[in-house]
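Data first, discussion second: the structure below is written as structure tokens.
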Amino acid sequence: MSAPVTSEPHTARPRRTPSRLASGRIPAQAKSRRRPSKAQGPRQKRASITLTVLMTMMLLYCLVPLFWLLVNASKTKDHLYNSFAFWFSGPFALFQNIQDVATHDDGIFIRWFLNTVFYVVVGAGGATILAALAGYGLAKYKFPGRRAVFAIILGALAIPGSVLAVPQFLLFSGIGITNTPWSVIIPSMVSAFGLYLVWAYASQAIPDELLEAARIDGAGEIRIFFSIALRQLAPALITVLMFAVVATWNNYFLPLIMLSDPKWYPLTLGLNQWAAAASSIGGVPIPNLVITGSLLTVIPISAAFLYLQRYWQSGLTAGSVK
């Protein structure tokens, strides 16, 4: 009598799966999944090379003018026209040129530098403070005409500053403050972009529940702003401050219209006056002083930008993981 035939249990099939994986044989479905990644390898490599070339070209575009300034600021007036423009030549006269810039025309360059610092501190600082107050108010308070105010701000972003220069001059001329520092500072304190940026950041970064909890605890609106909201707005305020500092430091067209007395000139307008001396009647060209003065003008704003950049980068990525 033959023994009964027993069927193979159903659980025995999955046990052969580890042996197939251990033997190194990969299922066809897994192989098909890996093929697209191998095909994308050359594309990613070509994209990386293209981005590297583009970034290198942008880096050269930014650094070559600075290198040109540094090289030519170290040359004397005679060697500026008799040597290669992108390399050092002749005696190293950088420190002598700096001394000549500081002492030329009774040290007017120092006065222009202090004027520019004053415009930046008051104008850019005021623009940051006003943007913080107005942006926070628009984001967290509801009042009649709120949408109209916001629409006006968005419209102001589309208007170039050069278009408003002439109306501002006529307005300030009627008030009698042209040819004074306030004619440059007051327009610099109004930043529609900064206000919009603070409004957008406050709407997302400051929850209404946090403000309500502070009100329940008995905190007033002023204390809430300075103790809670201002700390939350720090990344946005650093960004607004950086853009306002750069815009005020490089401002040229507005001082050109508003100011006529050289003692109130900023660096941009003063260096342009030195550069125009060669084309004036009886003027003496001073190209070495113009180039050295331009180098001294670029250094502070570059240092400020690099210092504030780390706060700006941290502000742009704040809350992205959350």
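The values are calculated or read from the model by the stated rules, or taken from the named source; none is laboratory data. For clarity, every value in this text was computed on a predicted model and none was experimentally measured. Cβ sites come from the backbone with ideal geometry, for glycine too, and all protein chains shown count toward neighbours.
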All positions within segment 48-75 that are in a loop (DSSP other than H, G, I, E, B) and in contact (Cβ under 8 Å) with a residue 24 or more places away in the chain: 75
Options 239, 292, 248; residue that is of a type in the set (Val, Ile, Thr) and either at pLDDT below 90 or loosely packed, with under 12 Cβ neighbours inside 10 Å (or both): 239
Residue 123 being of a type outside the set (A, V, I, L, M, F, W, C), assigned to a helix (DSSP H, G or I) and under 14 Å from residue 195 (Cα atoms): no
Test: residue 127 is modelled with pLDDT of 90 or more and under 30 Å from residue 235 (Cα atoms): yes
Residue in segment 207-226 that is under 24 Å from residue 301 (Cα atoms) and at pLDDT 90 or above present: no
Scope segment 87-111; condition of a type outside the set (D, E, K, R) and either touching a Cys at 6+ places or on another chain (Cβ under 6 Å) or in a helix (DSSP H, G or I) (or both); matching residues: 94, 95, 96, 97, 98, 99, 101, 102, 103, 108, 109, 110
Flag if residue 177 is without any contact (Cβ under 8 Å) to a residue 40 or more places away in the chain, in contact with a Ser or Thr (Cβ under 6 Å, 6 or more places away or on another chain) and not in a helix (DSSP H, G or I): yes
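A quick yes/no check of all residues on (1) closer than 21 Å to residue 294 by Cβ; (2) touching a strand residue (DSSP E or B) at 6+ places or on another chain (Cβ under 8 Å); (3) among the charged types (D, E, K, R); (4) touching a residue at least 12 places away in the same chain (Cβ under 8 Å):
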position: 86; (1), (2), (3), (4): yes, no, no, yes
position: 90; (1), (2), (3), (4): yes, no, no, yes
position: 93; (1), (2), (3), (4): yes, no, no, yes
position: 105; (1), (2), (3), (4): yes, no, yes, no
position: 116; (1), (2), (3), (4): yes, no, no, yes
position: 127; (1), (2), (3), (4): no, no, no, yes
position: 136; (1), (2), (3), (4): no, no, no, yes
position: 148; (1), (2), (3), (4): no, no, no, no
Boolean, residue 225 is over 21 Å from the mean Cα position of the chain (by Cα), in a helix (DSSP H, G or I) and under 19 Å from residue 149 (Cβ atoms): yes
Verdict on residue 114 being modelled with pLDDT of 95 or more, assigned to a helix (DSSP H, G or I) and either over 27 Å from the mean Cα position of the chain (by Cα) or loosely packed, with under 15 Cβ neighbours inside 10 Å (or both): yes
Subset of segment 239-258 that is outside any helix (DSSP H, G or I) and out of contact with any Phe, Trp or Tyr (no Cβ under 9 Å at 6 or more places or on another chain) - its residue that is farthest from residue 113 (Cα to Cα): 252
Search result, residues across segment 179-198 that are among the aromatic types (Phe, Trp, Tyr) and in contact with a Leu (Cβ under 9 Å, 6 or more places away or on another chain): 193, 196
